[in-house]
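Down below is the structure, laid out as C-alpha cells.
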Amino acid sequence: DEEFNELCFEFGLELDEVTSEKDIISKEKGEEKAKGASDTILYKIDVPANRYDLLCLEGLVRGLQVFKERINLPRYEKIIPAQGEGQRLIITEETVQVRPHAVAAVLRNITFTKERYDSFIDLQEKLHQNICRRRALVAIGTHDLDTISGPFTYTAKAPSNIKFKPLNQSQEYTASQIMDLYRTDSHLRHYLHLIENKPLYPVIYDSNGVVLSMPPIINGDHTKISVNTRNVFIECTGTDITKAKIVLDIMVTMFSEYCEKPFSVEAAEVVYPNGKTHIYPELAYRKEKVKPELINKKIGISETPSSLAKLLTRMCLKSHVIGNGNNIEIEIPPTRADIIHACDIVEDAAIAYGYNNIQMTIPKTYTIANQLPLNKLTELLRLELAAAGFTEALTFALCSQEDIADKLGMDISATKAVRIANPKTAEFQVARTTLLPGLLKTIAANRKMPLPLKLFEISDIVVKDPDTDVGARNYRHFCAVYYNKSPGFEIIHGLLDRVMQLLEVPPNGENGYTIKATEGSAFFPGRCAEIFAKGQSIGKLGVLHPDVITKFELTMPCSALEINIEPFV
C-alpha cells in the first residue's frame, strides 16, 4: 500500500484511501447492514478530471507501466475493412433538432472476462458523468454486433412511433411509456429531461428495424452485450462532435487491448444527411514541437534535451530530440485529448521529473508586500471601535429585498440593489446596500442579552454602477447601532466624533466634518442628520423610526450611524 501510494503521488495521482466494500457500507449505514459484504481491499484513486485515459483499470495500469518503463506505449491502429464490408451508420436529417452528431466503431474478436466486462461498463458510466456532462453532450451505446446486421440508421421519430424492449425489461414499450417507466428509476430519471420535451426522440435501428438504442436514455435489450460477446459495436451520439470523438477514442483505445489483434480497432463509416462520409474512430496522432529551454525555464530545472524527451516518453508522450537538441518533437497519442497547449506538455515533464525533486529557490524579483490601504484603515478602526466599548458583528453580504427596502421604509428601485437571478432562499435575494439591517437582525437574535447592546460592523456594501466593467461597485461602510431603554443619540454622536478624531478630521466646515439636519425614511422625524466631510456627504446618523424597530421585531429605541470610510483612505 505504501509503495503504491508513493507511485500514485509520483504519477500525479492521489491514493485517496485503502478500504473495502464492508468498510464503506458500515461507515455509511452502520455495522448491521455491512454483514456479508466483501472484505476485498479496494483502492480509491483520485484522477484529475482531464485524464479520461486513467478512468479505468486498463488505462491506469497501462499508464503506470509506461511510467515505470516496464512496457513501451502501445501503438493504436485503425483497420479499415474492404469496400462494402465495414459497418455503416447513416444519419438522417431528422436528428438535427435533437442530437445531430454520431460516431461509431467496432471492437472485433474481443475476449471479455467478468472483470473486464465490469470495467467496460464502468468506464462508460464514468465518461457519462465526466466529459459527457451527464449524457447531455454525448451518450455511449455498446451493442453485440452478432445480434444485428448493418447498415444502421440514426434517425428521430415521434415518441409514439418508437417501440422496443428496453434493456433488462421483459416486454415492449413505446418511447412515451419508457419515459413513464423510468421516471421513478433512481439512475435513469436524471437523463429524461434531455429529450423529454422534444417533438422527436432520437433512435438507432439496424437494417431489419431492430432498435439498438434510444439515446441518451436506454439501449435495447436485443443487442445487450455479455461476457460471451465477441464483437462489439460502439456508437456515441451527441450535441458536441469533438467530445463524441474523444469519448469514442477513449472507449476503443482502452479495450482494444483484449482484441485478438491487440490495440487494433475496426473502423466504421458514418454517412451524414448531406451525403458526405467520414471514417471513425479518428485515432489521430499528432506531432508538437517544444523547446527544451522552455520546459526547463517553466519548471525551474536544468535537464538535457534527451533526458526531457525520456521524461515525456514516460508520460505516454513519445518524444525525441531533433535539430541538434534545439527542439523536442512530441507525438501526442489519441488517448491524450487533454494536451491542448505547450503548457500541458511542460506539466507532464514536471510530473515525470517529480515535484519533490524540483529545488526550491527564492524568486529573483524583490518586492515589498504592502497591506491594501483600505484594509489597513479597516483594521485600525476595528481595534479602536472595540476599545470604545462596541462589539463587532459579521453579517451576511446577501439579504432579502424587505431588509433593505420595505423594512427601512424605502422603495426597492431606489436602493440600486444588485439582485440574485435565482435565489435559493428568500433570505438571500439581493446584495446588501446598507449594513444596518444586518446589525438590527443581530440585535433581534440577541434580545436576551443584558442592555445596552452596542454593535458595529465594517464591511462592503454593493450597489449598481453602469460605469464599471461589471456593472456594480463595492463601498466599504462602517455602521454602528446603540440599543437601550433610551435612544442614546448622544452616544452614537460621540462615537462619530471619536472616529473623526482618530481620522484626524477636525469638526469644522472648511476641511473637516459637519452634520446637518435632514430627513431619512428609516429615521425618526427631526432626529436625523447627514454627515459631510471632504466636501461630500458620507452618511447619516440618528434615532431609528419606531416602524423600522418593530419591523425588525425589536421593542426598545435604537440609534444608528452609517458612513462610507473610503474617502478617508
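The values are calculated or read from the model by the stated rules, or taken from the named source; none is laboratory data. Computed from a predicted model, the values in this text were never measured in an experiment. Cβ sites come from the backbone with ideal geometry, for glycine too, and all protein chains shown count toward neighbours. Surface areas here come from the heavy atoms of the whole protein model, side chains and all, with no ligands, DNA or RNA. Shrake-Rupley method; radii C 1.70, N 1.55, O 1.52, S 1.80 Å.
Values as computed for the structure displayed
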quantity	calculated
Carbon/sulfur fraction of accessible area - the chain, other protein chains in place, 1.4 Å, %	51
For the stretch 96-200, radius of gyration divided by Kirkwood radius, i.e. Rg to Rh on alpha-carbons	0.95
Euclidean distance between Cα centres, the stretch 430-447 to the stretch 26-95, Å	53
Estimated dipole of the stretch 286-357 in Debye, rounded to 20 [Cβ of Lys and Arg +1, of Asp and Glu -1, Cα centre]	120
Of 287/364; 245/297; 407/540; 163/261, pairs whose Cα-Cα distance is over 29 Å	287/364; 245/297; 163/261
Charged-residue dipole, Cβ positions (Lys, Arg, Asp, Glu), the chain about Cα centre, Debye nearest 20	700
Of 68/291; 27/68; 224/310; 376/448; 78/224, pairs whose Cα-Cα distance is over 32 Å	27/68; 224/310; 376/448
Residue-normalised accessible area of the chain, expressed per residue, 1.4 Å probe, Å²	52
Answer label, with P(r) over Cα pairs in 20 Å bins from 0, in percent calculated from the coordinates and candidates (i) 16, 30, 29, 22, 3; (ii) 16, 37, 34, 13, 1; (iii) 18, 49, 26, 6, 0	(i)
Centre separation in Å (Cα based) which lies between the stretch 256-290 and the stretch 502-532	76
Within the chain, helix-based [θ] at 222 nm, where runs of 4 or more DSSP H residues each add -39,500 (n - 2.57), nearest 500	-7500 deg cm²/dmol
Cα-only radius of gyration and Dmax that characterise the stretch 302-454, units Å	29.1, 83
